[in-house]
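Visitor: Please find one structure pasted underneath; my questions will follow.
The values are calculated or read from the model by the stated rules, or taken from the named source; none is laboratory data. Being a predicted model, the structure only gives us computed values, none of them experimental. Positions of Cβ are backbone-derived with ideal geometry, glycine not excepted, and every protein chain shown enters the neighbour counts.
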């Protein structure tokens, strides 16, 4: 269960309209438009909603999908849910702390990563912090 509980009005007061649409209403940014799609600096990606660390840059890879891709999350930071929208079953990923929608995880696509998973994450759901 998420530990950050806010009303829609509270979320709207702290998030941009696009962040609210994606994090709280399970939207998706357009492919190839996100700030972190081709981002390659070293550091940590945190939840844009609550600031909890979600992914390390060492797990980011270029999947060519048009969104930031990671092969693993920081342990316990991301929760998976079955998503049956769009006439298919996918695995949605959300921030464990606030329940904010991050994107979806896909398995078995054959990428040369340790987990054979692709966490396809909306850039709008993330904030990047340089390695210090």
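Visitor: Is it true that some residue in the range 48-63 is touching a helix residue (DSSP H, G or I) at 6+ places or on another chain (Cβ under 8 Å) and either modelled with pLDDT of 95 or more or surrounded by fewer than 15 Cβ atoms within 10 Å (Cβ to Cβ) (or both)?
Guide: yes
Visitor: Tell me, yes or no, whether the range 90-102 has at least one residue that is over 20 Å from residue 15 (Cβ atoms), without any contact (Cβ under 8 Å) to a residue 24 or more places away in the chain and part of a loop (DSSP other than H, G, I, E, B).
Guide: no
Visitor: If residue 43 meets every condition in (1) surrounded by fewer than 18 Cβ atoms within 10 Å (Cβ to Cβ); (2) within 27 Å of residue 3 (Cα to Cα); (3) in contact with a strand residue (DSSP E or B) (Cβ under 6 Å, 6 or more places away or on another chain); (4) free of Cβ contacts under 8 Å to residues at least 40 places away in the same chain apart from one, which number is that one?
Guide: (4)
Matching residues to (1) modelled with pLDDT under 95; (2) outside any strand (DSSP E or B); (3) out of contact with any strand residue (DSSP E or B) (no Cβ under 6 Å at 6 or more places or on another chain); (4) over 19 Å from residue 44 (Cβ atoms):
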residue: 115; (1), (2), (3), (4): no, yes, yes, no
residue: 120; (1), (2), (3), (4): no, no, no, no
residue: 129; (1), (2), (3), (4): no, no, no, no
residue: 132; (1), (2), (3), (4): yes, yes, yes, no
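Visitor: Within 18 Å of residue 117 (Cα to Cα) and crowded, with 17+ Cβ neighbours inside 10 Å - does that describe any residue in the range 22-36?
Guide: No.
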